[in-house]
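First up is the structure itself, then whatever we jot down about it.
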Amino acid sequence: MKNKYIDLIEQTFEFPQDEFSVVDNELNFHDVPLMDIIKQYGTPLKVTYLPKISSQINRAKRMFNVAMAKVDYKGSYNYCYCTKSSHFSFVLEEALKNDIHLETSSAYDIHIVNALYDGGLIDKDRFIICNGFKRPQYVENIVNLVNSGFVNTIPVLDNKEELDLFYDMNKRCKLGIRIAAEEEPKFDFYTSRLGIRYNDIVDFYKAKIKGNKRFELKMLHFFINTGIKDTAYYWNELNKCLGIYYELKKVCPELDSLNIGGGFPIKNTLAFDYDYEYMTEEIVAQIKNFCAQMEIAEPNIFTEFGSFTVGESGAALFSIINQKQQNDRECWYMIDSSFMTTLPDTWGINQRYIQLAVNNWDKEYQRVFLGGLTCDSEDYYSSETHANAIFLPKLNGEPQYIGFFHTGAYQESLGGFGGIQHCLTPSPKHIIIDRDKGDNEYYTRLFAKEQSYRSMLRILGY
Ligand SMILES: Cc1ncc(COP(=O)(O)O)c(C=O)c1O
């Protein structure tokens, strides 16, 4: 009878997959035996597999360049990394190996840009796209950046009042305008609070920017919160955005860039099926056709992929420390940490991740619920989040380890890495896995130890 965990996975999904394989009933992630990692570092453990970041960036660049070549697109493609998806130095250091640009979202982000410059990781020609609502400190930091010679800094106006704040610039400053996109019909409201409403943009440009020696409008920005999807809604928004681009271009010849934001999805299930090539080609072809029809030059295209850049590099590994059979049908596996603090999106937005056993693939499986250690009844990961029921090997006296994969984006910043955590559950140890340039062997290094009680007590004033 085929009742082992490995049978279940092989019968349910195409398996093995690019980044997952099983050797001797234990899981490898990018050919790295996770049991070796667990034996060395223990659990709970956060892992970043660095090479995935570069491979994602190069994949996107390749797809856009191929799509552009196919339609003889005249503009350029510019890959920006959206720092808010993971601000860690090791992420930026890896990402910046690939000749990319940056997108920032708040005042402190600019200090990261300065630190990268001081460390010799970027030059002053990089595009620094400054999104987000601009409070005075953010504006001051952006102004200093421009004044110090970052010539391709582009503050993207989120509201009309922001423009006046940039008058201290002692150099001519490039600008962008963010369009307030319409939200998907299922949302509680119609129009995003982020950006300037469609109908106001051209008049605002004419009244405040046109003829103003201080500024040069270069970029129109739009970002669809729910991501780049092959839906009528997405294509409709792209078209509306192109309509505004055309209207603006008629009165603002220096406008030459279209920023389509982030939103490429990542693989969050083994059954993930998304045709990146098709979507890229379709976006590029639609822009190209629109411009040909309207007889305007094709804009340079900018993207700001966050999840896509860093999401698939991350994993979280846990031990099952107890099994609680709470009634005839519900069996809980308790992990040695908290979902709410280590993977806050599972709790906040019902985010699903790839979840697999790390060992015991030859054991029989059973249906379980996964519980976190805080006292909060919401601290769990269930079949609802996971779409299908969760199955894991039956416990048989041996330790059981599990992994959540592709967790590299947003979880540390949303979970307040190193801060106060629910029920004072410490932030787990975090390690980095990289590969040697010569023999391609993997090696690991510890980035952060498990958060100490001292650090929490200090924050709390003890
Ligand atoms: C302006 C902007 N650009 C890019 C992104 C990155 O989106 P994603 O992580 O979906 O690629 C975000 C995310 O919130 C955003 O607000």
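The values are calculated or read from the model by the stated rules, or taken from the named source; none is laboratory data. Because the structure is a prediction, the values reported are computed rather than measured. A quick note on method: Cβ atoms are made from the backbone with ideal geometry, for glycine too, and the neighbour counts reach across all protein chains shown. Ligands, DNA and RNA are excluded from the accessible area calculation, which covers all protein heavy atoms including side chains. Shrake-Rupley method; radii C 1.70, N 1.55, O 1.52, S 1.80 Å.
Values as computed for the structure displayed
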item: Estimated [θ] at 222 nm from DSSP helical runs (n ≥ 4, -39500 (n - 2.57)) normalised by residues in the chain, nearest 500; result: -8500 deg cm²/dmol
item: Cα-derived Rg over Rh, computed across the range 73-305 with Rh taken as Kirkwood radius; result: 0.95
item: Label-point separation in nm, Lys186 to Lys171, each point 7 Å along Cα→Cβ; result: 4.5 nm
item: Accessible surface ranking that places the most exposed of Trp332, Trp235, Trp347, Trp361 first, with a 1.4 angstrom probe; result: Trp347, Trp332, Trp235, Trp361
item: In range of the label at Arg193: residues from the range 128-147 whose backbone nitrogen is under 20 Å from the point 7 Å along Cα→Cβ; result: 131-139
item: Qualifying GluC sites (Glu not before Pro) for the range 79-187 [loop in DSSP, other Cβ within 10 Å: at most 16]; result: Glu161
item: Shape of the range 1-153, Cα gyration tensor, a/c cut at 1.5; result: prolate
item: Reciprocal mean inverse distance between Cα atoms of the chain - Kirkwood radius, Å; result: 23.9 Å
item: Point-charge dipole on Cβ atoms (K/R +1, D/E -1) for the range 261-316, about Cα centre, debye to 20; result: 160 debye
item: C-alpha center-to-center spacing [the range 30-73, the range 115-136] in angstrom; result: 24 Å
item: Cα-based reach from Lys218 at 12 Å (exclusive), listing aspartates and glutamates while leaving out same-chain residues under 8 positions away; result: Glu254, Asp256
item: At R0 = 56 Å, FRET efficiency that the Cβ-Cβ distance of Asp123 and Tyr453 yields, to 0.05; result: 0.85
item: In the range 152-211, the trypsin sites (Lys or Arg not before Pro) that fall in loop regions by DSSP, at most 11 other Cβ within 10 Å; result: Lys186, Arg193
item: Computed label-point distance, nm, for sites Thr444 and Asn152 using a 7 Å Cα→Cβ extension; result: 3.8 nm
item: Trypsin sites (Lys or Arg not before Pro) restricted to DSSP loop in the range 307-405 with at most 13 other C-beta within 10 Å; result: Arg329
item: Cα-derived Rg to Rh of the range 318-362, Kirkwood definition; result: 1.01
item: Tyr108/Ile420 FRET efficiency (R0 22 Å; Cβ-Cβ; nearest 0.05); result: 0.70
item: Listed residue pairs exceeding 27 Å between alpha carbons, taken from Lys134/Lys208; Lys84/Lys324; Lys52/Lys229; result: Lys84/Lys324
item: Carbon and sulfur %, accessible surface of the chain computed with the full protein complex present, 1.4 Å; result: 48 percent
item: Where the chain is the region considered: accessible area per residue in Å², 1.4 Å probe; result: 44 Å²
item: Stretch gain in nm, segment Ile349-Arg62, where the contour uses 0.36 nm per residue and the Cα spacing is subtracted; result: 100.2 nm
item: Euclidean distance of C-alpha centroids, the range 77-106 and the range 252-290, integer Å; result: 18 Å
item: Charge dipole (debye, nearest 20) of the range 277-401; +1 at Cβ of Lys and Arg, -1 at Cβ of Asp and Glu; result: 480 debye
item: Cα gyration tensor category, rounded, prolate or oblate, for the range 396-452 with a/c compared to 1.5; result: oblate
item: Mean Cα-pair separation over length for the chain, i.e. relative contact order, pairs under 8 Å, 6 or more apart, %; result: 19 percent
item: The range 73-305, relative contact order in percent, only Cα pairs under 8 angstrom and at least six apart counted; result: 20 percent
item: Largest to smallest accessible area among His422, His430, His30 [probe 1.4 Å]; result: His422, His30, His430
item: Global form of the range 361-462, assessed from the alpha-carbon gyration tensor, a/c cut-off 1.5; result: oblate
